[in-house]
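The values are calculated or read from the model by the stated rules, or taken from the named source; none is laboratory data. For clarity, every value in this text was computed on a predicted model and none was experimentally measured. Every residue, glycine among them, receives a Cβ derived from its backbone with ideal geometry; neighbour counts consider all protein chains shown. Ligands, DNA and RNA are excluded from the accessible area calculation, which covers all protein heavy atoms including side chains. Shrake-Rupley method; radii C 1.70, N 1.55, O 1.52, S 1.80 Å.
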Amino acid sequence: MRLVELIYRTLWQIILHYLVPTSYSIGHHCTLDTPDLLGISASEDISFGAVLPLHMEKIYPKLLYTEKPEKSICKKLSLETYLQLHVVKYATMEINSNPELLPNITLGYQIYDSCSVLQRELEGTMWMMSGDTKAVPNFHCQRKEKLAAIIGHSTSTYSILMAHLLGMTRYPQISHLSTSSLLSDRRQFPSFFRTVPSDAFQSKGLAQLILYFGWTWVGLVALANDYGDQGIQVLKKEILKSGACVEFTEYIQINRPNSNVPHIGHVIKTSTAQAVVIFSTDVHFLPILEELLRQNVTGKVWIASEAWSTTSLFSIQKYTQLLMGTVGFAFYSGNIPRFQEYLDSLNPLSLPEKPWNWMFWEENVGCIFLEFENFTFSRQRPSRNCTIYDHITDFQMYVKHVPNMRMSYNLYSAIYIIAKALHDLNTCKPGGGLFMDRNCSNFWNFEPWQILKYMKAARVKLSSGRDMYFDSNGDPPPVYDIVNWQLGLDGGLKQVNIGQYDSSVLHINTSSMRWTMGNTKIPTSVCSERCPPGFRKAPLSRKPTCCFQCIPCALGEISNNTDANGCLKCPWDQWPNQQKDKCLPKLTEYLSHEETLGVILMSTSITSSFIPLVVLSLLVHYKATPIVKANNYTISCLLLVSMFLCFLSPLVFIGYPNHVKCLLRQVTFGMAFAFCVSCILAKTVIVMIAFKATKPNSSLTRWVRPQISYLVISLGTFLQLLISITWLLIAPPFPQYNLSARSGVIIAECNEGSLTAFWCTTGYLGFLALSSFLVAFLARQLPDSYNEARFITFSMVAFLSVWASYILGVMYAGTSGKYTVAMEIFAILSSNWAMLGCMFAPKCYIILFQSKMNSRRHLMGNR
């Protein structure tokens, strides 16, 4: 065992030899009675450690104080880091004065300054774990107080290294600034906690923020370390998952001489994305800002991660035009009660941590401390000595202008969660513990893994009202403030809190936001302008999905959303409006009784039907006259009755085409006209036979009888009846909606059922009419002063012409719906008027106006 222990110690000494600079002077750190620039402490009953980057090594170009080279290279104590020192002191003092938290137990602290150097961070961690003047693993220097937990580091990369070391011995570690999502892995970092949300949550929130403002075309710039790489990868994944696109992703290579700043500046300047996410710290983003100013880049909207969203480094007027309108996430800004009063009461001459406090005082107040020795300065020191009254004039006013207390509040929360875990461990009662068999631990002799148990279960109600606790991954309840950079009264920039992001929900007061040049209108950052309703997105070849062109929806389709990926087909009975963003009921078209065309045709049909009746009454009144007798009075009366029916048949075609009307339309038309044309055919045949039978010894004499006429009429009508019955039995007409004839219109029409039957009916009427024409044409030269065959010929020519025109018009003009019906009605009325006019107009004229011609002598005059 001693051999294994010797090997183990030797390995760690080798690691420390190469990682930890041996030139650093760490003093008597086992008791820490002598404070210096590396570590301070306040020894009490129990304490916690804090590895903090109070001084900065490389960030600020002006070297203000430099300790002797053989001791340290720490430089510049800034206000934000200086406040961390006093937050630790104030929180410890507040806890020790609280009788309800750790009663009869005083809490102490040990602070180690890492100067933002990785080796020093490792040294401080090992030093606190071992408690000796040398950092030796698994060994602990005997001291009065126990070390409960360690706070640190602020940088995620450093915290990962600390978490590996502390996790081996299950020492609780709480970071107040490390946000890398890698630290949520409990298998690698079982003892790590933090009081700030993980970058995974921040990245998802930033993605939601980008989409909230409608920015679908963005650029990404990240720091090339654990913080930037992990955060930007989650952000990019969330952006792409939501349907937005990333134009470019660039990394700030901090190990390169110029951190590839000119290249990043050129990419940002030439990009079409107006929204650019910067996942970096303020100091590493600063060179890029300078490069953007040199290249005169304006008009960009910057989305800031928490690492620089509230920095005071960019608040000067120089960056106003470039950064105005920046929006980003910031750590929750809670209030530390009475902390401002504590800062106001600080007396620089009574502060125990003299080197740290005096360095800060001399730089920011403008006085010197006579006892501040063993230090060289890069510039001439002030000549005035510091007094007890200095904090009343200059320093007090300075601390009141603290840009933000977010970092200090997270540190404050970490100290309270440690105190609460210790309190729960101290107040544990048998049967209520967190260990096996619900036992408790000895408070004055606990092991690190035991306090780790209570850290996981600790829950604190902070003064801001926020509950602080840890989930299974060691992360706190995630909440961020959303800040907007606006122009201040002094011409510089200020960060205005405009909302919060918690529980994966954004709460933003957009009315209080200001963008570039103070505009209130949200800027756009898209690859292609949004497609309005009525259009769909069509992807462009070799372009991201956010780059597209807008194409109108096809006929019969709509899109009622902006940026629709496809159009929706309207239901069969609906049709898009003119904008193609909604479906409207289609217009149902048919020849209605109420519309003008229907009223005209219906009135014409009814009015025309009275004309045959008037003529019929005239023939009945003058039936004894020679001209009436000579033209077959009985058949003429039947013909006028059939014409009356023909004039009324269009009424069946007008109105909504229901089932009964569809059955009766063509049948009524066919039967009426078959009856009419059969009467004309019978009249023509009788005329022909009568004149032929006048010849001597003619065999046609026996055919000149009324029965022959009735036989022709009956046979012609019966054949049409037979065709109609067969049609109705085999394939009867039925009503239907025609959706394809005209777009946007439902045509209510009658489907004829069988086109063969329809053409048989029409063809049969044509056959009767053609037969009448041929017979009448042959009889046109018969000697008679009034030869009716001539008028029959004219009437049949007119009849056939009208129906030929109708058929050709329907076939070639392409009419549909009510206009087809109107054309058929017009053909019925026209052909009927042609027959009525040609056959009965001369008779009526002779009867009414030429009574001398209505005599037997006149009719026989040409013989």
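Considering region 166-183 alone, what residues qualify as being open to solvent by less than 10 Å² (accessible area, probe 1.4 Å) and outside any helix (DSSP H, G or I)?
Answer for region 166-183, where residues must be open to solvent by less than 10 Å² (accessible area, probe 1.4 Å) and outside any helix (DSSP H, G or I): Pro172, Gln173, Ile174, Ser175, His176, Ser178, Thr179, Ser180.
Considering every residue within region 455-465, establish whether at least one is part of a helix (DSSP H, G or I), open to solvent by less than 10 Å² (accessible area, probe 1.4 Å), in contact with a helix residue (DSSP H, G or I) (Cβ under 8 Å, 6 or more places away or on another chain) and not hydroxyl-bearing (Ser, Thr, Tyr).
Checking region 455-465: at least one residue is part of a helix (DSSP H, G or I), open to solvent by less than 10 Å² (accessible area, probe 1.4 Å), in contact with a helix residue (DSSP H, G or I) (Cβ under 8 Å, 6 or more places away or on another chain) and not hydroxyl-bearing (Ser, Thr, Tyr).
Restricting to region 478-496, and then to whatever is surrounded by 15 or more Cβ atoms within 10 Å (Cβ to Cβ) and of a type outside the set (A, V, I, L, M, F, W, C), can you tell me which residue is nearest to Tyr454 (Cα to Cα)?
Pro478
Scan the strands (runs of 3 or more DSSP E) fully inside region 519-588 and keep the ones with 2 or more residues being among the charged types (D, E, K, R).
In region 519-588, 535-539 are the strands (runs of 3 or more DSSP E) which contain 2 or more residues that are among the charged types (D, E, K, R).
Can you pull out every residue in region 88-121 that is modelled with pLDDT under 85, out of contact with any helix residue (DSSP H, G or I) (no Cβ under 7 Å at 6 or more places or on another chain) and open to solvent by 30 Å² or more (accessible area, probe 1.4 Å)?
The one that is modelled with pLDDT under 85, out of contact with any helix residue (DSSP H, G or I) (no Cβ under 7 Å at 6 or more places or on another chain) and open to solvent by 30 Å² or more (accessible area, probe 1.4 Å): Ser116.
Being touching a Phe, Trp or Tyr at 6+ places or on another chain (Cβ under 7 Å), in contact (Cβ under 8 Å) with a residue 24 or more places away in the chain and open to solvent by 30 Å² or more (accessible area, probe 1.4 Å) narrows it down to one of Pro539, Pro552, so name that one.
Pro552
Could you tell me which residue of region 246-258 is modelled with the lowest pLDDT, considering only residues that are surrounded by fewer than 18 Cβ atoms within 10 Å (Cβ to Cβ) and either among the β-branched types (Val, Ile, Thr) or touching a Cys at 6+ places or on another chain (Cβ under 9 Å) (or both)?
Across region 246-258, the extreme among qualifying residues is Ile254.
Tell me the residue from Met602, Met643 that is aliphatic (A, V, I, L, M), out of contact with any strand residue (DSSP E or B) (no Cβ under 7 Å at 6 or more places or on another chain) and open to solvent by 30 Å² or more (accessible area, probe 1.4 Å), please.
Met602
Can you give me the number of residues within region 184-215 that are of a type in the set (Val, Ile, Thr) and either in contact with a Gly (Cβ under 7 Å, 6 or more places away or on another chain) or not in a loop (DSSP other than H, G, I, E, B) (or both)?
Within region 184-215, residues that are of a type in the set (Val, Ile, Thr) and either in contact with a Gly (Cβ under 7 Å, 6 or more places away or on another chain) or not in a loop (DSSP other than H, G, I, E, B) (or both) number 1.
Is it true that Ala222 is at pLDDT 90 or above, open to solvent by less than 10 Å² (accessible area, probe 1.4 Å) and in contact with a helix residue (DSSP H, G or I) (Cβ under 7 Å, 6 or more places away or on another chain)?
yes
Going through Cys428, Cys440 one at a time, which residue ends up being part of a loop (DSSP other than H, G, I, E, B), open to solvent by 30 Å² or more (accessible area, probe 1.4 Å) and at pLDDT 80 or above?
Unique residue meeting the criteria: Cys440.
Quick one: which of Ile847, Ile828 is open to solvent by less than 60 Å² (accessible area, probe 1.4 Å), out of contact with any strand residue (DSSP E or B) (no Cβ under 9 Å at 6 or more places or on another chain), hydrophobic (A, V, I, L, M, F, W, C) and at pLDDT below 85?
None of the others qualify; the one that does is Ile847.
Just to verify a result, which residue in region 189-219, among those that are open to solvent by 10 Å² or more (accessible area, probe 1.4 Å), among the aromatic types (Phe, Trp, Tyr) and modelled with pLDDT of 90 or more, is nearest to Cys531 (Cα to Cα)?
Only one residue fits best here, namely Trp217.
Got at least one residue in region 226-243 being under 30 Å from Ser130 (Cα atoms), modelled with pLDDT under 90 and either of a type in the set (S, T, N, Q) or not in a loop (DSSP other than H, G, I, E, B) (or both)?
yes
Just to confirm my filter: which helices (runs of 4 or more DSSP H) fall fully inside region 607-693 and include at least 1 residues that are free of Cβ contacts under 8 Å to residues at least 40 places away in the same chain and closer than 23 Å to Glu594 by Cβ?
Result: 659-693.
Quick check: anything in region 344-362 more than 25 Å from Val196 (Cα to Cα) and at pLDDT 90 or above?
No; the residues of region 344-362 include none that is more than 25 Å from Val196 (Cα to Cα) and at pLDDT 90 or above.
Could we say that Tyr82 is closer than 26 Å to Tyr342 by Cα, modelled with pLDDT under 80, part of a helix (DSSP H, G or I) and in contact with a helix residue (DSSP H, G or I) (Cβ under 7 Å, 6 or more places away or on another chain) here?
yes
Check region 733-747 and report whether any residue there is aliphatic (A, V, I, L, M), without any contact (Cβ under 8 Å) to a residue 12 or more places away in the chain and open to solvent by 20 Å² or more (accessible area, probe 1.4 Å).
Scanning region 733-747 turns up no residue that is aliphatic (A, V, I, L, M), without any contact (Cβ under 8 Å) to a residue 12 or more places away in the chain and open to solvent by 20 Å² or more (accessible area, probe 1.4 Å).
When you check Ser309 against the structure, is it in contact with a Gly (Cβ under 8 Å, 6 or more places away or on another chain) and on the phi < 0 side of the Ramachandran plot, yes or no?
Considered against the rule, which asks whether it is in contact with a Gly (Cβ under 8 Å, 6 or more places away or on another chain) and on the phi < 0 side of the Ramachandran plot, Ser309 comes out as yes.
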